[in-house]
Amino acid sequence: MASKNYYELLELTPQATAEEIKRAFRAQIAKYHPDKVQHLGKEFQAMAADRAAELTEAYRILSDETRRAEYDRALAEGGAASAPAAASTPPAPTEAPRPAAPPPAEEPPPTRGGQFRQERATRDEFVRKATMGRLRIALEDVGGYEEAQARGFDIALVPKSKLFSRAKNPRLLGRFVATVDRAAVADAWGQAAKWSGGDEVCVLLMGTSLASAGELATEIGDQRRKHGKAGGAKLVLIPIDARDWEARMPLDAPDVAKTLLARLKSGA
């Protein structure tokens, strides 16, 4: 069973409906948005990042019927089991005192450069978790997708299969990087091409810093010429500024990506 009770984390009871779970997650995750805690110290920002990650994981489990059923079973089994009583043990024999160990050597204080890199990494991780939380909410509203796994990406989704027709929406991949530049585009494109499975793929490449539009367009063009179609299927990559959800939207971007980004930008 998970170390956290996901229902308590979202301030819900196990009888909560899917709509109540969604509302509770939105209310809770909004408290830990980067804009709400950016004025606090790095310790509090790290705590907020951890809580955002816990809330996101709770929503991932409880918003899926299959995962929730498995979690409920584990929760019931864990709650019913009582901890075994500790057996009494005889007192340990008295030992001769050992010589005191020398005090540990003091670690040198971090350099200014090292401290800055640590603070930057903490901030980037917090923003990544908050960004993924917002993205999950918007994806839930758009609907029509189920989660999958793709190495190197923060989120991967495939269209839900339709009864009498092949789903037309593309597969979706999301990745957060500190800076969306040529290197980030090349790496994301190469990883996404391996995952396409012959279906159209749309990559949402998000960051808090973006290279120039010309630089990104050049790299995307280079990747299209280098890889062609991903496994015979179309691949579209959209650079996105995670601070305000402004996107460098290509002309051939799928409609579902346009709808998703419009929701994110409007805060719906």
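The values are calculated or read from the model by the stated rules, or taken from the named source; none is laboratory data. This one's a predicted model, so the numbers in the text were calculated from it and none came from an experiment. Methodologically, a virtual Cβ is constructed for each residue, glycine included, from the backbone with ideal geometry; neighbour enumeration extends over all protein chains shown. Calculation scope for accessible area: heavy atoms of the full protein, side chains included, ligands and nucleic acids excluded. Shrake-Rupley method; radii C 1.70, N 1.55, O 1.52, S 1.80 Å.
Remark: the stretch 128-225 carries 46 Å² of accessible area per residue (probe radius 1.4 Å; ligands, DNA and RNA excluded). With a cut-off of 12 Å between beta carbons, the residues surrounding Glu219 carry a summed charge of +1, where Lys and Arg count +1 and Asp and Glu -1.
Quick check: at a probe of 1.4 Å, how many percent of the accessible area of the stretch 171-223 sits on carbon and sulfur atoms?
Values: 830 of 1690 Å².
Looking at the stretch 171-223 in its full context, I get 49 percent from C and S.
As a rough guide to protection, the peptides 172-178, 192-198 ranked by mean Cβ packing within 10 Å, highest first, stand as 172-178, 192-198.
Can you tally the net charge around Thr66? Count Lys and Arg as +1, Asp and Glu as -1, for every other residue whose Cβ sits under 15 Å from the Cβ of Thr66. Mind dumping the intermediate values first?
Values: positive: Arg60, Arg67, Arg68, Arg73, Lys160; negative: Asp64, Glu65, Glu70, Asp72, Glu146, Glu147.
Computed value for this residue: -1.
Close amide H contacts of Leu237 (hydrogens built in the peptide plane, cut-off under 5 Å, sequence separation of 5 or more or a different chain): Val203. Phi angles across the stretch 124-133 convert, under the Karplus curve 6.51 cos²θ - 1.76 cosθ + 1.60 with θ = phi - 60°, into 3J(HN,Hα) values of 4, 5, 4, 5, 4, 5, 5, 5, 5, x Hz, Gly and Pro given as x.
Listed highest first by mean packing, meaning other Cβ atoms within 10 Å per residue, what order do 46-55, 130-139 come in? Write out the running numbers ahead of the final one.
Details: 46-55: 19.1, 130-139: 21.7.
Averaged packing, sorted descending, gives the order 130-139, 46-55.
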